[in-house]
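Each remark here refers to the structure printed beneath this line.
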Ligand code: PSU
Ligand code: MN
């Protein structure tokens with residue numbers, strides 16, 4: 001595949017140093033400009049500070065890039081408004097010479113092809129509420145069922161149907177490890193109120209599970225590490241529940257459907273919590289990136 005690997009990423013891989021893949025849709029479509037660029041740069045810096053190399057993934061002029069330089073990151077965050085590319089969109093985007101930010105499924109696919117095993121994001125896509133009426137399930141879930149990569153996330157956005165998403169992950173055979181928690185995180189909230197089957201407290205235990213996946217072989221599947229936002233940085237749960245209920249009602253009233261639903265709800269949450277939802281979102285990403293760097297460090301140090 002014609003992947004453009006940043007020099008820094010190529011060197012790190014050749015020398016067996018840790019690399020962490022980062023997703024670009026959250027930069028281009030998940031955060032408001034111009035804050036998005038500052039956050040993207042900060043996340044890359046925090047991977048470096050932890051001794052790993054960041055590899056933000058995106059498609060530029062039809063070419064998948066693994067690791068972006070400063071100008072390329074600015075393009076993804078800027079006014080060009082790159083498209084949102086899930087896994088299925090990669091081939092058409094390449095053929096069209098398009099620019100696009102990759103979702104969890106697009107990023108995981110490209111990162112795995114580049115031989116990167118650890119990936120950090122904010123929240124996974126999942127099963128939308130009202131699935132019985134409109135079968136909207138993110139392509140993230142099926143891609144993770146067939147890609148050997150470890151994804152560190154803060155759960156799935158609370159705008160989704162969390163129990164249904166956990167059920168789908170079970171059906172698809174994707175293991176979920178709660179990091180320091182017996183609850184599945186609730187993205188903006190420390191807990192979604194749903195339990196997880198497995199809990200770990202140390203990056204070494206995550207790396208051990210990755211090793212065991214490889215020892216077992218069999219169908220390729222991801223490992224989801226669900227890392228909660230610290231309680232002191234979460235969105236106030238009462239405010240969250242109230243504004244989310246309003247947002248869902250407004251969405252229904254305005255007849256918003258399909259791809260537009262998530263951005264609509266997220267924007268509503270940010271605007272109606274005085275930005276507190278945005279701060280919780282960024283706090284979650286920071287924590288995930290730091291943990292991913294630690295996992296990647298253990299993973300490369302215990303060479304295989
Ligand atoms: N969760 C976030 N921010 C995001 C997304 C999820 O907190 O920006 C993005 C991710 O890129 C995820 C995608 O992969 O939304 C899922 O979109 P869809 O439901 O269209 O598959
Ligand atoms: Mn969708």
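At a glance:
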{"quantity": "Segments 217-223, 22-28 sorted - mean Cβ within 10 Å per residue, highest first", "calculated": "22-28, 217-223"}
{"quantity": "Cut-off 16 Å (backbone N to label point 7 Å along Cα→Cβ of residue 91), residues of region 1-42", "calculated": "1-2"}
{"quantity": "Backbone N within region 107-147 under 20 Å of label point (7 Å from residue 2 Cα along the Cβ vector)", "calculated": "107, 109-115"}
{"quantity": "Chain lengthening between residue 245 and residue 98 when straightened (0.36 nm per residue, less Cα-Cα)", "calculated": "49.2 nm"}
{"quantity": "Calculated diffusion of the chain, Stokes-Einstein form, Kirkwood radius summed over Cα pairs, 10 °C and 1.306 mPa s, µm²/s", "calculated": "83 µm²/s"}
{"quantity": "Average Cα contact separation per residue, the chain, under 8 Å, 6 or more apart, as relative contact order %", "calculated": "19 percent"}
{"quantity": "Helix-derived mean residue ellipticity, 222 nm - over the chain, DSSP H n ≥ 4, -39500 (n - 2.57), to 500", "calculated": "-13500 deg cm²/dmol"}
{"quantity": "Difference of contour (0.36 nm per residue) and Cα-Cα distance, residue 10 to residue 135", "calculated": "41.0 nm"}
{"quantity": "Added length on full extension, which subtracts the Cα-Cα distance from 0.36 nm per residue, residue 271 to residue 215", "calculated": "15.4 nm"}
{"quantity": "Cα gyration tensor shape of region 166-304, rounded if a/c is under 1.5, else prolate or oblate by comparing a/b with b/c", "calculated": "prolate"}
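No lab work stands behind these numbers, since they all come straight from the coordinates. Because the structure is a prediction, the values reported are computed rather than measured. FYI the Cβ positions are ideal-geometry reconstructions off the backbone, even for glycines, and counts take in every protein chain you see.
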